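This report refers to the structure that appears directly beneath it.
The values are calculated or read from the model by the stated rules, or taken from the named source; none is laboratory data. Computed from a predicted structure; not experimentally measured. Positions of Cβ are generated from backbone atoms using ideal geometry, with glycine treated the same way; all protein chains shown enter the neighbour counts.
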Amino acid sequence: MENIKARAEKTAAATEASGGGRVPAVEMIGITKYFRSVPVNDSIDMKIYKGEILSLLGENGSGKTTLMNMLSGIYFPDSGSIRIDGQPVHIKSPKDALDLHIGMIHQHFKLVDVLTAAENVVLGLNESFRLNLKNVRREVASICEKYGFTVDPDKKVYDMSVSEKQTLEIIKVLYRGADILILDEPTAVLTPQETRRLFSVMRNMKEDGKSIVIITHKLHEVMDISDRVAVLRKGKYIGDVNTADTDPQQLTDMMVGHRVSLNIDRPEPDNVRECLKVEHLSVIDADGVKKLDDVSFTAMGGEILGVAGIAGSGQKELLEVIAGLQSALPGSSVIFTDRDGKTSSLIGKTPMEIKKLGVHLAFVPEDRLGMGLVGDLDIADNMLIRTYRDGAGMFVNMKKPRKLAEEIVEEFEVVTPDLLTPVRKLSGGNVQKVLVGREIAGDPSLLMSAYAVRGLDINTSYIIYRLMNEQKAKGTAVIFVGEDLDVLLELCDRIMVLCDGRISGIVDGRTAAKEEVGLLMTRLETEAGK
């Protein structure tokens with residue numbers, strides 16, 4: 001790794017030299033931050049230049065978001081200094097950051113659902129809605145025209161898609177005069193088409209002289225959008241390289257500290273058997289909108305069935321109905337068959353009733369903290385959620401959940417100060433490690449996961465892929481809902497494509513082409529438009 005670090009330092013020096021002595025827009029010097037005596041950022045020196053897109057890479061818990069939170073005024077460093085345009089500054093609050101033209105767009109949006117886009121933009125400023133909303137609309141329209149955004153100033157937030165909400169967050173900070181923008185995992189919930197539109201806007205902002213930092217784990221996006229890449233590992237600054245001078249393998253090695261194979265294994269299915277048979281499954285939500293329409297398929301034990309589709313195509317409802325968290329329309333059928341051939345109908349059953357049937361079902365939901373884990377509880381207590389009803393008597397035995405928590409922290413390399421830390425204080429990737437570890441520990445016959453690697457670094461993602469294959473080898477039926485078509489095509493034995501709540505096709509993962517799956521994701525819409 002010394003050679004890699006030496007190359008990174010050499011490239012960084014060459015980059016700065018080629019900049020003609022230009023003054024960085026941001027210079028962070030010796031930045032250190034402790035949480036519970038654990039150094040999350042350790043003496044970090046980093047520069048951000050005007051008119052560049054810098055990708056900030058690192059494993060989950062490496063300190064990326066914490067470092068940017070100090071630049072945006074959410075945290076204050078325990079030691080070190082920050083310079084903006086060559087001048088020393090003290091950023092003690094988000095307002096201080098905005099006054100210095102720094103804005104951060106977080107993973108979780110900070111919008112008021114019942115307000116319009118224009119009202120959210122002006123919210124918190126010393127302006128009167130009644131007198132200035134017309135001016136706000138005009139300014140929002142000007143920002144949209146300048147950078148290529150599309151947003152309706154009068155649209156309520158609760159009617160917006162995820163990409164529209166993200167667009168509004170970016171417009172908010174631009175309206176406040178931001179010249180330095182930090183985007184934390186901006187593409188985590190975007191479709192490929194939405195990602196391309198976002199990158200087009202980012203390039204327009206860069207051309208206008210804006211400095212942009214993007215925190216992401218998606219290496220192909222790093223190679224596509226960034227000019228330079230900075231890497232953190234375990235709270236330390238490893239180095240930076242020009243994007244044109246590196247490749248995904250080198251960046252992965254820098255992040256992890258050793259060479260990691262970027263090939264996803266896909267062993268041949270063995271002893272395949274029918275595990276879950278879904279027939280004529282239809283679901284209507286509370287607003288009367290049909291989310292699933294006559295869906296029928298079979299999930300086999302000993303294989304990984306991938307589920308692809310544009311966000312909102314029915315993936316969430318499909319898994320929740322099977323898990324007993326949502327009801328289906330009459331005529332729907334979900335039959336589970338265990339390893340001994342015993343069948344059980346899951347339709348109309350609650351999760352507890354499904355468990356009492358002896359069905360070993362594990363579910364990793366999309367909403368990690370809302371549905372999967374309890375944020376205010378520590379890791380051991382979250383292990384207990386799965387098993388607390390199994391004990392006898394009024395007292396709870398904490399030995400087993402604590403031992404399981406220790407095993408998960410060790411095997412998944414969960415970065416946490418200790419087992420008593422509430423999971424909401426962990427990074428998003430470490431929260432996901434805890435959730436996946438808990439669900440797999442139950443030795444399920446059916447494992448369902450929704451976007452299991454969303455927001456995870458490359459090393460942890462490959463741990464998840466390995467665990468999915470291990471479950472497959474045990475004869476478990478794995479249903480893997482994913483958003484990365486390249487991963488689905490490498491990992492899954494079959495891929496079922498949902499489009500507007502219906503199955504548009506089921507293809508062989510070994511022979512299908514990416515373009516074929518992409519076409520199936522929009523096929524129903526195309527047919528409807530003919």
- Task: Would you check which residues across the range 264-280 are touching a residue at least 60 places away in the same chain (Cβ under 8 Å) and not β-branched (Val, Ile, Thr) and list them?
- Result: 265, 266, 267, 269, 270, 271, 273, 274, 275, 276, 277
- Query: Does residue 355 fit the bill of being in a helix (DSSP H, G or I) and within 30 Å of residue 522 (Cα to Cα)?
  - Reply: no
- Task: Could you check residue 319 against (1) assigned by TED's automatic domain parsing to the domain that holds residue 483; (2) at negative phi; (3) surrounded by fewer than 21 Cβ atoms within 10 Å (Cβ to Cβ); (4) within 26 Å of the chain's Cα centre (by Cα) and say which number it fails?
- Result: (3)
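Is it the case, given these coordinates, that residue 437 is over 15 Å from the mean Cα position of the chain (by Cα), crowded, with 17+ Cβ neighbours inside 10 Å, farther than 30 Å from residue 282 by Cα and in the same structural domain as residue 410 (by TED's automatic domain parsing)?
Numbers: over 15 Å from the mean Cα position of the chain (by Cα): yes; crowded, with 17+ Cβ neighbours inside 10 Å: yes; farther than 30 Å from residue 282 by Cα: yes; in the same structural domain as residue 410 (by TED's automatic domain parsing): yes.
Yes: the conditions hold for residue 437.
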- Among the numbered criteria (1) in a loop (DSSP other than H, G, I, E, B); (2) of a type outside the set (S, T, N, Q); (3) closer than 21 Å to residue 196 by Cβ, which single criterion is violated by residue 171? (1)
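Scan the range 115-130 and give yes if some residue there is in a loop (DSSP other than H, G, I, E, B), without any contact (Cβ under 8 Å) to a residue 60 or more places away in the chain and within 20 Å of residue 237 (Cβ to Cβ), otherwise no. Walk me through it before giving the result.
First, pick out the residues of the range 115-130 that are in a loop (DSSP other than H, G, I, E, B): 115, 123-128.
Going one step further and asking which of them are without any contact (Cβ under 8 Å) to a residue 60 or more places away in the chain, we end up with 115, 123-128.
When the remaining residues are screened for being within 20 Å of residue 237 (Cβ to Cβ), the result is none.
No, the range 115-130 has no match at all.
Here is a list: 178, 188. Which entry is at pLDDT 90 or above, part of a loop (DSSP other than H, G, I, E, B) and on the phi < 0 side of the Ramachandran plot? Before you say what the answer is, go through the steps one by one.
Working: 188 fails: at pLDDT 90 or above.
Result: 178 is the single residue among 178, 188 that is at pLDDT 90 or above, part of a loop (DSSP other than H, G, I, E, B) and on the phi < 0 side of the Ramachandran plot.
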- Message: Need the failing condition index for residue 433 against (1) modelled with pLDDT of 85 or more; (2) in contact with a strand residue (DSSP E or B) (Cβ under 7 Å, 6 or more places away or on another chain), just the number.
- Response: (2)
